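Since every read-out is calculated from the coordinates, none of them should be taken as a lab result. Keep in mind it's a predicted model, so treat the numbers as computed, not measured. Quick reminder, even Gly has a Cβ in these numbers, built from the backbone with ideal geometry, and neighbours come from all protein chains shown.
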Amino acid sequence: MKVAHAKFGTGTIVSVKGEGADAILVVAFPGEGVKQLLASMAPLTIVQ
């Protein structure tokens, strides 16, 4: 699934650790690297 982040741009979710609000999303952003983001706090938008 592709997502957009205001600072890192468009990336692809590589994996999800945990579940619910405490889930950590591992997202690969081209040019920015792989980031681990808390699902409940990350300002992400799903990109179709």
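What are the residue pairs meeting all of these: first residue in the range 8-37, first residue on the phi > 0 side of the Ramachandran plot, second residue assigned to a strand (DSSP E or B) and not acidic (Asp, Glu), Cβ atoms under 6 Å, and 6 or more apart or on different chains?
Gly9/Phe29; Gly18/Ile24
Residue-wise test of (1) assigned to a strand (DSSP E or B); (2) basic (Lys, Arg); (3) touching a Pro at 6+ places or on another chain (Cβ under 6 Å); (4) surrounded by 12 or more Cβ atoms within 10 Å (Cβ to Cβ).
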| site | (1), (2), (3), (4) |
| --- | --- |
| Val3 | yes, no, no, yes |
| Thr10 | yes, no, no, yes |
| Val16 | yes, no, no, yes |
| Ala21 | no, no, no, no |
| Leu25 | yes, no, no, yes |
| Leu37 | yes, no, no, yes |
| Ala42 | no, no, no, yes |
